[in-house]
Amino acid sequence: MTITLTTGKEIPIEMHKARIVQKTSLVPIDRRLKVLEEGGYNTFSLRTRDIFIDMLTDSGTNAMSDNQLAAMMVSDDAYAGCESFYKLEAAVNDVLRFKYVLPVHQGRAAEHLLAKVFVKPGCVIPMNYHFTTTKAHFVLAGGAVEEIFTDEALNTQSTCQFKGNLDLQKFEHLIKHNGTHPIPFVRMEATTNLLGGQPFSLENLAEVKKVAAANKIPLLLDGSLICENAYFIKQREKKYENSSIQEIIWEMTKLADLFYLSGRKCSSVRGGFIATNTKEYYELLKPWLPVYEGFLTYGGMSTKEIEAMAVGLREMTDINVAGSAAEFVKYFADRLVEQGIPIVTPPGGLACHLDAKRFLPHVAQCQYPAGALAAALYLASGVRSMERGTISTDRDQNGKEVMSDLELTRLAVPRRVYTISHIEYVVDRLKWLYQHRDAVKGLKFVEEPPVLRFFFGKLEPLDDWGKKLVATFRKEIGVN
Ligand SMILES: Cc1ncc(COP(=O)(O)O)c(C=O)c1O
């Protein structure tokens with residue numbers, strides 16, 4: 001919920017109270033430099049003990065509710081027929097209105113199974129935008145990803161409210177001129193993660209469904225951030241301003257033939273599932289579940305997490321849960337805009353995204369500005385963010401570097417974890433960094449994995465800028 005103070009200032013206000021907390025520490029800047037150098041200037045290599053505020057991701061890092069924790073205590077560990085699964089099934093039936101449920105250990109496992117069953121060599125999969133793991137699985141299965149976003153999607157200084165919309169004309173054009181390449185489904189991602197957590201409108205989803213159905217193409221909905229997308233629809237799409245989050249979710253899921261999600265996001269647990277109302281799809285997927293994940297009633301998830309997921313799915317329909325990250329992201333984004341710091345607008349669902357191309361215009365894209373910015377921010381603050389740009393885009397099949405559409409440094413806001421003072425601290429250190437942006441140079445790979453290189457890749461700073469930045473920080477601010 002957002003509240004207006006007597007001064008007129010609007011702040012997001014927490015509609016919960018903390019009852020269990022985790023201690024953090026702010027290690028001195030010399031230690032930050034040491035661990036960053038040892039980890040190859042990759043924020044994935046850092047350990048929790050060296051991180052003050054962890055904004056790497058909202059995946060599996062959201063605060064759970066007391067009711068979720070309580071539910072974990074009564075989980076049933078039976079290998080087959082476990083009662084916890086039936087609670088999850090009931091929650092999926094009620095909240096998403098899908099009959100068949102296949103639990104998996106996390107979102108990418110759902111993508112793996114979907115790729116295994118539906119994606120064949122030569123296939124083309126249209127989507128509003130890719131996610132790293134989605135693309136990896138579809139391409140590994142021999143498919144090609146065709147992103148058909150609107151022209152506004154890549155404009156980081158936009159006021160467009162639905163940058164996650166799929167361009168219908170391009171979709172129809174693709175279907176018409178696709179030749180013999182089969183289209184197993186069209187994938188819509190609820191709040192496109194790599195575009196900056198940008199939502200699609202329900203109007204757009206309905207139009208996509210119309211075109212897809214007319215061409216006998218199933219619609220696959222990635223609902224990992226479905227409650228955030230529903231929250232934005234309520235805020236931004238006039239027709240739904242009086243609808244509840246639950247009603248909007250039902251409107252979205254009724255258009256989907258196949259659905260999956262990473263439960264690490266909107267249900268605040270560690271797991272995922274595929275769901276559908278089409279028995280034929282269910283029967284095609286089901287045999288592969290025990291091969292790759294686990295038996296039908298746990299699918300690679302801990303039964304404790306299954307219990308918590310069942311509760312988390314119901315809780316995400318509460319507007320104070322659905323809007324909790326989005327409202328913090330907006331507050332965060334507004335403070336950064338006040339400081340003239342370049343970010344993606346409008347603010348999206350899961351994170352505040354720095355536009356690294358505008359933050360570090362002197363760093364060429366082939367020198368990874370978004371990765372350099374993530375590393376520099378860690379040095380200047382102990383805050384961990386994630387590169388979402390060219391480092392996160394693997395080379396093409398010929399080994400050629402592929403420049404990412406956007407160079408973003410993502411500062412994720414896990415739900416109900418951080419407070420306004422944490423946000424104010426990050427804004428302050430970013431302000432300092434922006435004033436010293438000329439000191440930040442690029443990076444180059446010293447170890448580059450062949451796939452999803454952003455996870456384990458090691459890089460080094462060009463011109464040893466890290467040490468110089470640290471020296472300036474010590475002189476102007478001190479050790480912390
Ligand atoms: C939109 C989207 N789809 C799929 C995934 C993959 O899910 P997981 O990380 O649980 O494997 C993610 C993860 O962040 C995501 O954001």
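Assorted remarks:
- For segment 419-429, the condition of being crowded, with 22+ Cβ neighbours inside 10 Å, within 22 Å of residue 2 (Cα to Cα), in contact with a Ser or Thr (Cβ under 7 Å, 6 or more places away or on another chain) and of a type outside the set (Asp, Glu) holds for at least one residue.
- Residue ID - modelled with the lowest pLDDT, chosen from residues in segment 187-202 that are more than 18 Å from residue 169 (Cα to Cα) and either away from the ligand (no atom under 11 Å from the Cβ) or in a loop (DSSP other than H, G, I, E, B) (or both): 196
- Any chance residue 155 is touching a residue at least 12 places away in the same chain (Cβ under 8 Å) and of a type outside the set (A, V, I, L, M): no
- Inter-residue pairs, beta-carbon under 7 Å, first closer than 16 Å to residue 391 by Cα and charged (D, E, K, R) and in segment 126-139, second open to solvent by 10 Å² or more (accessible area, probe 1.4 Å) and more than 10 Å from the ligand (Cβ to nearest atom), 6+ apart: 135/145
- Of the residues 149, 118, 162, the single one that is farther than 25 Å from residue 267 by Cα and within 19 Å of the chain's Cα centre (by Cα) is 149.
- Looking across segment 428-442, the residues that are touching a residue at least 24 places away in the same chain (Cβ under 8 Å) and part of a helix (DSSP H, G or I) come down to 429, 430, 431, 432, 433, 434, 437, 438, 439.
- Set 161, 169: member being modelled with pLDDT of 95 or more and either within 24 Å of residue 344 (Cβ to Cβ) or in contact with a Phe, Trp or Tyr (Cβ under 8 Å, 6 or more places away or on another chain) (or both): 161
- Taking strands (runs of 3 or more DSSP E) as the structural unit, those lying wholly within segment 48-164 and holding at least 1 residues that are among the acidic types (Asp, Glu) and more than 16 Å from the ligand (Cβ to nearest atom) correspond to 144-147.
- Pairs meeting the criteria (first residue in segment 88-114 and open to solvent by 50 Å² or more (accessible area, probe 1.4 Å), second residue within 12 Å of the ligand (Cβ to nearest atom) and of a type in the set (S, T, N, Q), beta carbons under 8 Å, at least 6 apart or on different chains) are 108/133; 108/134; 108/262.
- Residue 445 vs. criteria touching a Pro at 6+ places or on another chain (Cβ under 8 Å) and either surrounded by fewer than 20 Cβ atoms within 10 Å (Cβ to Cβ) or assigned to a helix (DSSP H, G or I) (or both): no
- Among (1) within 27 Å of residue 249 (Cβ to Cβ); (2) of a type in the set (S, T, N, Q); (3) more than 16 Å from the ligand (Cβ to nearest atom) - the single one residue 169 does not satisfy: (1)
The values are calculated or read from the model by the stated rules, or taken from the named source; none is laboratory data. Here the structure is a predicted model, which is why all the values come from computation and not from measurement. Cβ: placed from backbone, ideal geometry, glycine included. Neighbour counts: every protein chain shown. Each accessible area value is taken on the protein alone, full model and side chains, heavy atoms only, with ligands, DNA and RNA left out. Shrake-Rupley method; radii C 1.70, N 1.55, O 1.52, S 1.80 Å.
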